[in-house]
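> Structure incoming, see below.
The values are calculated or read from the model by the stated rules, or taken from the named source; none is laboratory data. Note that the coordinates shown come from a computational prediction; the quantities given were computed from them, not determined experimentally. Backbone-built Cβ (ideal geometry, glycine too); neighbour counts: all protein chains shown.
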Amino acid sequence: MVTAAFDGVKLAMRDWSVWYGAVRALKSITLDITPREILGVIGPSSSGKTSFLRSLNRMNDTNPAFRYTGTITMDGKDLYRDLDSQQVRRRVGIVFALPLPLPISIYDNLTYGPRLRGECRPQRLNELVEHSLQAASLWDEVKDRLRQSAMKLSGGQQQRLCIARTLAMEPEVILFDEPCSGLDPISTAKVEETMLQLRAQYTLVLVTNNTKQAARVSDRVAFFLMGELIELGKTHAIFTAPQDRRTNDYVTGRFG
Amino acid sequence: MSWSRVRERMIEWGILLCGISSIALVVLIFCFLLKEGLALFRAVSAAEFLGGQRWYPISEPPQFGILSLILGSCWVTAGAVMLSVPLGIASALFISEIAKGWVKETLKTGVELLAAIPSVVLGFIGITVLAPGIKHAFHLPTGLTALTGSITLAFMAMPTIVSITEDALTALPRGYREAALALGATRWQMMSRVLLRAAGSGIVAAVMLGIGRVIGETMAVMMVTGNAAVIPRSFLQPVRTMTATIAAEMGETVRGSDHYFALFAIGIVLFAISFVINLIADLFLHRERT
Amino acid sequence: MPDPFWPPHLSAFASGEPPLRGSPKAIRQVGGWRRALWTQRAAFSLLFLATCVVAIAAVAVIGFIVVRGFEALSWSFLTTMPSGGMRSGGIFPAIVGTLELVGLTVLLALPMGLGAAIYLTEYAVDNWLTRLIRLAIVNLSGVPSVVYGLFGFGLFVIFCRFGTSLLSGALTLAIMILPVIITASEEALRSVPKSFREVSLSLGASRWQTIRHAVLPFAVPGIMTGTILGISRAAGETAPILFTVAAFYLPRLPHSLFDQAMALPYHLYVISTQIPNIPATQRYGTALVLLLLVLSLNGLAVMLRIHFRRRRQW
């Protein structure tokens with residue numbers, strides 16, 4: 001499920017800038033994301049973290065005022081010029097901040113994406129459902145009620161369902177946009193545990209407001225401030241010996 | 001893969017066409033009316049048409065002055081407005097500010113019921129119940145008068161006025177009511193001095209839409225106003241409206257005759273009037289929201 | 001000079017007149033509190049009376065027709081053809097004609113109205129074209145029904161050579177109820193949360209797939225309600241069908257799109273104004289059938305709306 005990385009880099013961003021109308025949200029971001037790592041993205045609100053994340057699966061396209069310069073390549077292919085948005089989104093999945101199940105059955109939620117892609121063999125669909133629910137640590141809890149409405153699940157279960165739903169598309173990269181913001185601590189722990197397990201097979205990018213969560217989960221951390229990438233480094237280095245003064249101020253809580 | 005893409009493109013083109021269809025239809029309607037209606041003005045001048053007092057389309061030579069029809073429409077509309085606006089605004093005030101709970105729901109249902117009744121049914125009641133009543137009350141030779149028409153049409157305009165005025169009133173921020181009451185005004189003073197003025201543009205829009213409804217009404221007027229194409233001098237005599245003229249005479253005209261074109265010309269006048277009324281109402285509704 | 005009575009942030013209420021007659025200052029001045037209360041009582045009574053007139057009118061009209069027309073309602077009235085020059089027999093062809101006409105109307109109006117609503121909610125940007133479309137819809141809803149009849153006559157009956165037929169009538173009625181369907185469908189589509197679209201797109205669906213699978217299914221209740229209201233409107237209209245489809249009397253039921261048809265509203269009009277000496281029960285019975293048809297459609301729409309609102313999971 002993971003295609004061979006290109007030069008050891010999964011996603012390469014070069015001089016990436018984003019505008020919404022006249023407002024510049026990202027300023028010339030350059031970074032590499034390596035395969036099978038968890039990249040944490042931290043920074044105060046309006047720092048461009050979400051714009052950065054949504055650029056990676058072309059969800060910014062839904063905003064009519066969106067403009068960009070620069071390139072993002074995945075395995076050497078330009079996401080915006082070589083591939084179309086549907087292909088990108090099938091390979092780069094996203095989990096949103098609030099649990100967003102569709103008001104249909106659990107089974108239908110999971111098979112929504114694959115069916116639209118053209119998969120119609122029931123056997124294959126069942127396999128996908130079971131594997132993704134297992135990977136999201138939700139299989140045991142729902143395996144007897146797959147046909148029930150997804151809205152009956154608890155908040156934490158719904159979020160894990162959303163993770164499973166993304167996994168059912170068999171993506172290569174999974175984006176997490178503050179996935180635990182609406183969850184209680186136990187569900188948060190379960191989601192973080194799932195992320196660590198997923199790292200073995202997928203590349204993960206986690207945007208979070210919670211610096212401690214970034215410290216727990218990520219391999220590397222990127223610090224954004226006002227649309228710029230201030231610092232990027234191993235988690236341990238960022239939190240104990242950051243090179244930029246602003247990074248230090250943020251992780252020690254002087255502002256945020 | 002690319003076949004489904006092509007299919008999708010076709011669907012999206014279809015949707016775009018549906019979107020533009022409303023514009024196309026308005027233009028089409030207007031053009032058609034013009035095509036047949038303007039042909040009249042080869043035989044009759046616009047001034048004669050709009051200002052002429054005699055509508056004798058089947059006499060020899062035919063006369064196509066619609067002044068009596070325009071005035072007929074105006075009188076009936078004016079009468080309906082004089083009845084329905086005060087009643088409508090009063091009802092809207094009562095329903096939105098005073099009534100509570102099941103009383104409010106019942107009254108709202110009553111108003112919606114009134115809106116749902118087809119115009120031909122109201123015309124039927126007008127001709128069977130209202131007209132004889134008016135005939136007896138005023139000792140007239142016939143009960144089919146402008147007054148009968150005004151009363152019947154008033155009941156058709158009331159639901160429109162009530163619901164739009166009610167929307168305008170409920171859209172007002174609660175602060176208006178609370179501020180006025182806190183300053184010692186009675187509820188009635190608050191409603192009459194503050195709310196009505198603040199909801200002014202919404203109320204104007206409601207009245208304009210009510211007028212539009214009344215001017216455009218055909219069947220009810222045709223059944224109860226007596227269909228006499230004369231210049232109205234009192235509410236207690238039969239009149240004829242533009243709408244009733246078209247409806248009544250269209251079946252009897254010869255295609256391509258001047259009479260036929262004249263009816264289309266009346267249609268142009270009606271279309272223009274309703275266009276202007278709706279434009280004004282829309283402007284007032286939007287002014288209210290900003 | 002600023003009015004000392006109104007605080008600055010409420011100066012908009014200052015009208016240059018002396019203080020409100022009910023205000024404490026004025027009461028002390030004029031002793032008019034009691035007077036103000038009596039004014040209010042009188043005013044509220046008038047308002048109540050006015051509302052009664054409006055609300056009771058509907059009940060009165062409906063009740064009157066029910067009482068007078070009830071005795072005419074019988075199985076044979078509903079299922080036999082008229083006889084004796086409309087003076088006896090049933091109104092079967094008028095009922096069938098109305099149902100066929102209205103069915104065809106919806107078949108024509110729903111796809112186009114739904115398409116237009118989808119365009120406005122999912123594809124349109126806020127530019128001059130969209131504003132023009134909305135203006136056109138507002139105008140279409142305000143055109144007098146007889147002008148629709150004239151237009152339908154000129155375009156479909158004459159120009160397209162369909163003649164007075166079910167097709168001409170249905171096309172005319174379809175254009176007339178288009179604004180109703182567009183408005184209701186638009187509202188239904190907008191009530192579907194934006195997040196559904198986001199989720200669908202993020203799973204790799206195209207824009208149309210998203211509409212088809214993540215939006216439309218959840219907007220169906222609202223679309224259905226709007227369509228039923230459109231049907232009820234089409235069933236009750238007379239002027240648009242006067243010259244496009246309505247026939248005074250047909251010996252048999254229409255069996256092709258190009259046949260004329262009888263229709264309930266037109267039938268009611270004819271027997272109330274054109275034919276003398278029709279027994280009152282016949283007339284009231286026809287009015288009652290039409291009223292029942294229209295009101296039950298409206299009632300159905302309201303019940304559906306309540307039912308689906310209760311069952312909604314989001």
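> When region B:121-176 is examined, which residues are found to be farther than 28 Å from B:ILE95 by Cα, within 13 Å of chain C (Cβ to nearest Cβ) and surrounded by 17 or more Cβ atoms within 10 Å (Cβ to Cβ)?
Listed by number, the residues that qualify are B:PHE124, B:ILE127, B:THR128, B:ALA131, B:LEU144.
> (1) touching a residue at least 12 places away in the same chain (Cβ under 8 Å); (2) crowded, with 16+ Cβ neighbours inside 10 Å; (3) out of contact with any Phe, Trp or Tyr (no Cβ under 6 Å at 6 or more places or on another chain): which one isn't true of C:THR273, the others all being true?
Here C:THR273 meets the rest and fails (1).
> From the list C:LEU201, C:LEU189, C:LEU167, exactly one residue is more than 30 Å from A:ILE94 (Cα to Cα) and in a helix (DSSP H, G or I). Which is it? Don't jump to the end; show me each part of the working.
Details: C:LEU201 fails: more than 30 Å from A:ILE94 (Cα to Cα); C:LEU189 fails: more than 30 Å from A:ILE94 (Cα to Cα).
Answer to the check: C:LEU167.
> Ok, one more. Can you find, within region A:86-108, the residue that is nearest to A:LEU125 (Cα to Cα) among those that are small (Gly, Ala, Ser) and surrounded by fewer than 19 Cβ atoms within 10 Å (Cβ to Cβ)?
In the first step, residues of region A:86-108 are kept if they are small (Gly, Ala, Ser); the result is A:93, A:97, A:105.
Narrowing the set further to residues that are surrounded by fewer than 19 Cβ atoms within 10 Å (Cβ to Cβ) leaves A:97, A:105.
Details: A:ALA97: 27, A:SER105: 14 Å.
My answer is A:SER105.
> Let me spell it out: the conditions are (1) part of a helix (DSSP H, G or I); (2) within 10 Å of another protein chain (Cβ to nearest Cβ), and C:VAL125 meets all of them except one. Which number is the exception?
Here C:VAL125 clears every test but (1).
> Wholly within region C:233-314, which helices (runs of 4 or more DSSP H) include no fewer than the required count, namely at least 3 residues that are touching a Ser or Thr at 6+ places or on another chain (Cβ under 6 Å) and within 11 Å of chain B (Cβ to nearest Cβ)?
Working: elements: C:239-242, C:264-273, C:280-311.
Those helices (runs of 4 or more DSSP H) span C:264-273, C:280-311.
> Hey, can you tell me all the residues within region B:203-234 that are closer than 15 Å to B:ILE70 by Cα and of a type in the set (A, V, I, L, M, F, W, C)?
B:ILE211, B:VAL214, B:ILE215, B:VAL221, B:MET222, B:ALA228, B:ALA229, B:VAL230, B:ILE231
> While we're on this one: Hey, does region B:208-223 have a residue that's within 12 Å of chain C (Cβ to nearest Cβ), assigned to a helix (DSSP H, G or I) and over 24 Å from B:VAL120 (Cβ atoms)?
From region B:208-223, those within 12 Å of chain C (Cβ to nearest Cβ) are B:208-223; that's our starting set.
Within this subset, residues satisfying the condition of being assigned to a helix (DSSP H, G or I) are B:208-215, B:219-223.
Next, from what is left, pick out any that are over 24 Å from B:VAL120 (Cβ atoms): B:208.
For region B:208-223, residues within 12 Å of chain C (Cβ to nearest Cβ), assigned to a helix (DSSP H, G or I) and over 24 Å from B:VAL120 (Cβ atoms): present.
> What are the pairs, 6+ residues apart or on separate chains, where a residue within region B:1-30 that is in contact (Cβ under 8 Å) with a residue 40 or more places away in the chain has its Cβ under 6 Å from a residue that is of a type outside the set (Ser, Thr, Tyr) and surrounded by 15 or more Cβ atoms within 10 Å (Cβ to Cβ)?
Pairs found: B:ILE29/C:PHE151.
> Give me the residue from region A:90-113 that is out of contact with any Cys (no Cβ under 8 Å at 6 or more places or on another chain) and in a loop (DSSP other than H, G, I, E, B) and, out of that set, farthest from the other protein chains (Cβ to nearest Cβ).
Among residues in region A:90-113 that are out of contact with any Cys (no Cβ under 8 Å at 6 or more places or on another chain) and in a loop (DSSP other than H, G, I, E, B), the one farthest from the other protein chains (Cβ to nearest Cβ) is A:ALA97.
> Sticking with this structure for a sec: Within region C:41-79, can you find the residues that are more than 7 Å from every other protein chain (Cβ to nearest Cβ), under 28 Å from the mean Cα position of the chain (by Cα) and of a type in the set (Gly, Ala, Ser)?
C:ALA60, C:GLY63, C:GLY69, C:ALA72
Rundown of residues vs (1) exposed (fewer than 14 other Cβ atoms within 10 Å of the Cβ); (2) aromatic (Phe, Trp, Tyr); (3) touching a strand residue (DSSP E or B) at 6+ places or on another chain (Cβ under 6 Å), yes/no style:
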residue	(1), (2), (3)
B:ARG5	yes, no, no
B:ILE15	no, no, no
B:VAL26	no, no, no
B:ALA46	yes, no, no
B:SER73	no, no, no
B:VAL81	no, no, no
B:LEU87	no, no, no
B:ALA99	no, no, no
B:TRP102	yes, yes, no
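> Got a sec? Which helices (runs of 4 or more DSSP H) wholly within region A:114-176 have at least 3 residues that are crowded, with 16+ Cβ neighbours inside 10 Å? Can you show your working first?
Values: elements: A:122-135, A:139-142, A:155-167.
So the answer is A:122-135, A:155-167.
> With B:LEU113, B:LEU107 as the choices, which residue is at negative phi and surrounded by 21 or more Cβ atoms within 10 Å (Cβ to Cβ)? Full working, then the answer.
Working: B:LEU113 fails: surrounded by 21 or more Cβ atoms within 10 Å (Cβ to Cβ).
Exactly one residue qualifies, and that residue is B:LEU107.
> Next up: Against the definition (within 11 Å of chain B (Cβ to nearest Cβ), surrounded by 24 or more Cβ atoms within 10 Å (Cβ to Cβ) and in a helix (DSSP H, G or I)), how does C:VAL157 come out, yes or no? Give the derivation first.
Values: within 11 Å of chain B (Cβ to nearest Cβ): yes; surrounded by 24 or more Cβ atoms within 10 Å (Cβ to Cβ): no; in a helix (DSSP H, G or I): yes.
It is false that C:VAL157 is within 11 Å of chain B (Cβ to nearest Cβ), surrounded by 24 or more Cβ atoms within 10 Å (Cβ to Cβ) and in a helix (DSSP H, G or I).
> Related question: With respect to B:GLY19, is the statement that it is small (Gly, Ala, Ser) and within 14 Å of another protein chain (Cβ to nearest Cβ) true?
Numbers: small (Gly, Ala, Ser): yes; within 14 Å of another protein chain (Cβ to nearest Cβ): yes.
Here the answer is yes, as B:GLY19 does meet what is asked.
> Next question, about the same structure. So which residues in region C:160-172 are surrounded by 20 or more Cβ atoms within 10 Å (Cβ to Cβ) and of a type in the set (A, V, I, L, M, F, W, C), if there are any at all? Before the answer, list the steps.
From region C:160-172, those surrounded by 20 or more Cβ atoms within 10 Å (Cβ to Cβ) are C:162, C:164-172; that's our starting set.
Listed by number, the residues that qualify are C:PHE162, C:LEU166, C:LEU167, C:ALA170, C:LEU171.
> Only one of these is at pLDDT below 85, under 30 Å from B:GLY126 (Cα atoms), in contact with a Leu (Cβ under 9 Å, 6 or more places away or on another chain) and of a type in the set (Val, Ile, Thr): B:THR253, B:THR243, B:THR218. Name it. Explain how you work it out, then say what you get.
On the way: B:THR243 fails: at pLDDT below 85; B:THR218 fails: at pLDDT below 85.
Answer to the selection: B:THR253.
> In region C:161-183, is there at least one residue being under 19 Å from C:LEU114 (Cα atoms) and within 14 Å of chain A (Cβ to nearest Cβ)? Reasoning before the result, please.
The initial filter retains those residues of region C:161-183 that are under 19 Å from C:LEU114 (Cα atoms), namely C:170-183.
This time we only want the ones that are within 14 Å of chain A (Cβ to nearest Cβ), so: none.
No: zero hits.
> Looking at B:GLY88, B:GLY37, B:GLY51, which is the one that is more than 13 Å from chain C (Cβ to nearest Cβ) and under 26 Å from the mean Cα position of the chain (by Cα)?
Every option except B:GLY51 fails the conditions.
> Something else about it: Picking from A:ARG81, A:ARG36, A:ARG24, A:ARG14, which residue would you name as being part of a loop (DSSP other than H, G, I, E, B), touching a residue at least 40 places away in the same chain (Cβ under 8 Å) and in contact with a strand residue (DSSP E or B) (Cβ under 9 Å, 6 or more places away or on another chain)?
Of the residues listed, the single one that is part of a loop (DSSP other than H, G, I, E, B), touching a residue at least 40 places away in the same chain (Cβ under 8 Å) and in contact with a strand residue (DSSP E or B) (Cβ under 9 Å, 6 or more places away or on another chain) is A:ARG36.
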